[in-house]
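Enquirer: Here it is, the structure, as structure tokens.
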Amino acid sequence: MARILTGIQSTGIPHLGNILGAIKPAIRMADEGDNEAFFFIADLHSLTTIKDRDERRRNILGVAAAWLAFGFDTSRHVLYRQSAIPEVTELTWYLNCFTPYPMLANAHSFKDKSDNPANVTGGLFTYPVLMAADIMLYDAHRVPVGKDQIQHLEMTRDIGNSFNHLMGETLVIPEVKLQEDTMYVPGTDGRKMSKSYGNTINIFEKDKALRKSVMSIVTDSKELEEPKDPDTCNVFSMYRLLATEDQTRDMAAKYRGGNYGYGHAKQELFELILDTFGKERERYAALMANPEDIDAELERGAEKARVVARSVLGRVREKLGY
């Protein structure tokens, strides 16, 4: 059995790109064989950018509701808030004392903002050490990451190996699992869908707001009567990620045949989103209407996570003489 661990950013409600590129693949991977998944909402990490408590609370609820709506099995796996396990901050301090300054100074998360030191907090500088504690506190075997997080996983391994070398075998060193097949989901402007670009589609919005987002997808200026190239159209690129082969073929034929406008294509995409995610949208709305249910799920997950966290931290404390 492999224990898989993933941190989930709590910087906003997951959008369509997050769902197709991260949530659904992660749930499939967790359910493979007899794997055990520890998935946590990284609300301590989010403090480096989000200082408003109400915004952070909304994000935590929205993120948890999205994962639950898409079928994350909390009877088999563990879903919890990072901040509910104070042991992670204690382990972070211990690991900080084994982490050389040059390693942190070379981290992308720091270097990207180091041109303006006034914007760099201690939390941002030691971000990779908290990430290392997140992972090694739970004896995680595999940590799936995108290419942008490889450096942080390598740092985790270096920090863990350094501790084990000096103090004796204590921490499980995780295996890096690169997510090479992460789906590319275009945003409303054609670039990769991202909150930072403001080009996302939130499938959990009410129908009117969701339709408005779909209708905002950028297209060229071809007239209704003109044939169009589906392979260069943002609407079609998004549509085929959700559609069956027959649906994709039918829409491509409409594009090439003329007398089919982008407004028609956008309406079909909107209806396909409603049809594809109908159950998940209903489940999400029900959860958000009852936040106490979300809190209860997260607390049950935290109780399970604490058992492992306290055991691992106990090993560390013993080696350090505390």
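This table checks each residue for (1) surrounded by fewer than 20 Cβ atoms within 10 Å (Cβ to Cβ); (2) in a strand (DSSP E or B).
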| residue | (1), (2) |
| --- | --- |
| D34 | yes, no |
| A37 | no, yes |
| I41 | no, yes |
| D54 | yes, no |
| R57 | yes, no |
| I60 | no, no |
| A64 | no, no |
| L68 | no, no |
| R76 | yes, no |
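Enquirer: Look through the stretch 43-52, keep the residues that are of a type outside the set (D, E) and assigned to a loop (DSSP other than H, G, I, E, B), and return whichever of them is modelled with the lowest pLDDT.
Expert: Among them, the one singled out is T49.
Enquirer: Mind checking whether some residue in the stretch 125-147 is surrounded by fewer than 16 Cβ atoms within 10 Å (Cβ to Cβ), free of Cβ contacts under 8 Å to residues at least 60 places away in the same chain and under 30 Å from T276 (Cβ atoms)?
Expert: yes
Enquirer: Does A252 fit the bill of being touching a helix residue (DSSP H, G or I) at 6+ places or on another chain (Cβ under 7 Å) and not assigned by TED's automatic domain parsing to the domain that holds E223?
Expert: Answer is no for this residue.
The values are calculated or read from the model by the stated rules, or taken from the named source; none is laboratory data. All values reported here derive from a predicted model rather than from experimental measurement. Positions of Cβ are generated from backbone atoms using ideal geometry, with glycine treated the same way; all protein chains shown enter the neighbour counts.
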